[in-house]
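Here's the structure, in structure tokens; my notes come after.
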Amino acid sequence: MKWSRALAPGLLAAAIVIAVLMAATRAIPHGHRYDLAVKLSLALGAFWFLAFVKPEWAFKKTVLIVVGLAALGLAIGEISVINPNSEIVQVYDSVFRAIRNGLNPYTSGTIFHYAEYWRPVYGNFNYPPLEIYPYYLAYRLAGTWNSTVMTSAFLVIQGLVCMIFMATFPGVKRRYILPFCGLFLFMEIITNVAMTFLVTALILLAVKNDEPDPRPGRRFLTAGLFGAGLMTKFLIIPFMAAYYWRRVDPKKPASLLRVAPDIGAALGTAALIALPFGLVPVFKNTILFNLILKDRAVFTTFFPNVVSGPLSWLGLGRVYPLAAVAALGASILAARRLRLASALMAAGCAFLFVTVTPEPQYIPVMLYLALFAVYLETENARPGILRPVRREAPA
């Protein structure tokens, strides 16, 4: 086995070990919920194993039954723990109140947050603008904002994700897809990952259609989707970087010209979405906010992650932005040597390990990507999973 093949599972194993050691020692100052890093690391390791080591497991009858039962359990469990006074409900309530009062939520200083030990503080909104628009629409349609409206919006958006997954693999028999749709629908309805999930699903559908037959229209559709994704939560950033880096040949600088229009279209789309709130305030309160540990700690509780936790414990918090960008950059550079699904998976895993805090909310998105890799590789190699082709009767 070449060292490159062992690198990804080796890094995943190292992340799991670090997460478990942090949970066991609890040595990091002001650290809370050490279990989040363990949960995230184990999930990403399992998804990598499923996608690239044992993809046939996704089609076993027993696995599909277990997945279906797990989806039912998740639905009951997630709905039962919905908290009407959760931070995310109050965050959006304060965002909508700021908008009603003619204020910019990225500069108003009136947005609700829970700091350490659940102490309420007020600052600016720190998610990109596409995390406002659909929920503001739900708020206006319902005429109120509460946990029921928010959860309903999540379920509608994630229902669209399920429809997109089936549209991405129209030839696959539905019994091999529907159990996983239950997971996509109910695995995360407590936090606002739905828009990132939706845009990721649309990107993967567009990429799957464009890869074998690139066309200018499809290229710019994909670029526009990436641009919209930049204005959801940040998981789209490494996906976009890996996708376009794969299309560049470092030995041929002119190859940059081939992707420059696409990147320009993506950034232009993102800028148009952010423009109503101001480009500088959005950038300052999203990207920069999450890179500077000291500033972020004022408004959030610190949950140690695989990279940020040990650095904080060693008193090297100032080094964190450089370390995070370097580690993520290395995963992006490796994308050119990997197939599409592998490149996106590697970039996504690296991103989730270098983010300031563990983000288990992205687990369903990464599961979707892992299953995309599985079905992409096996839809033609395993005829048993395909729907029969209807043949027209001879005239």
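Here are the numbers for this structure:
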item: Exceeding the 27 Å Cα-Cα cut-off - candidates Lys54/Lys233; Lys54/Lys173; Lys39/Lys233; Lys208/Lys284; result: Lys54/Lys233; Lys208/Lys284
item: Residue-count net charge about Arg100 - beta-carbon cut-off 15 Å; Lys, Arg +1, Asp, Glu -1; result: +1
item: Gained length - Ser80 relative to Ala14, 0.36 nm times residue gap less alpha-carbon distance; result: 20.3 nm
item: FRET efficiency for Asn104 and Glu56, using Cβ-Cβ distance with R0 set to 51 Å, rounded to 0.05; result: 0.50
item: Helical contribution to [θ] at 222 nm, DSSP H n ≥ 4, -39,500 (n - 2.57), averaged over the chain, rounded to 500; result: -19500 deg cm²/dmol
item: Within the chain: Cβ-based charge dipole about Cα centre, in debye rounded to nearest 20 (Lys, Arg +1; Asp, Glu -1); result: 980
item: Unit charges at the beta carbon, dipole of the chain: most positive-side option, Thr144, Gly278, Phe59; result: Phe59
item: Crossing angle, helix 87-100 versus the chain [Cα axis fit, 0-90 degrees, rounded to tens]; result: 80
item: Convex hull projection area averaged over all views, the chain, Cα basis, nm²; result: 22.8
item: Environment charge of Thr232, counting only residues whose C-beta is closer than 15 Å and scoring Lys/Arg +1, Asp/Glu -1; result: -2
item: Stretchable slack from Lys208 to Arg318, in nm (0.36 nm times residue separation minus alpha-carbon distance); result: 35.6 nm
item: Any cysteine of the chain lacking a neighbouring Cys Cβ under 4.7 Å - listed by number; result: Cys349
item: Dipole of the chain, positive direction: furthest Cα of Leu221, Pro360, Ala334, with charges on the beta-carbon; result: Ala334
item: Normalised contact order of the chain, rounded percent, pairs of Cα under 8 Å and 6 or more residues apart; result: 24
item: Stretchable slack from Lys39 to Lys173, in nm (0.36 nm times residue separation minus alpha-carbon distance); result: 45.1 nm
item: In degrees, nearest ten, helix 320-333 long axis to first principal axis of the chain (Cα); result: 10
item: For a label point 7 Å along the Cα-to-beta-carbon line of Ser147, residues of the stretch 89-113 with backbone N under 18 Å; result: 89-94, 113
item: Convex hull volume of the stretch 1-100 per residue (C-alpha atoms, cubic angstrom); result: 202
item: Nitroxide proxy distance, nm - points 7 Å out along Cα→Cβ at Val63 and Arg247; result: 3.2
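Values quoted throughout were computed directly from the atomic coordinates according to the rules given, and no laboratory measurement underlies them. Keep in mind it's a predicted model, so treat the numbers as computed, not measured. Heads up, the Cβs are rebuilt from the backbone with ideal geometry, glycines too, and the neighbour counts pull from every protein chain shown.
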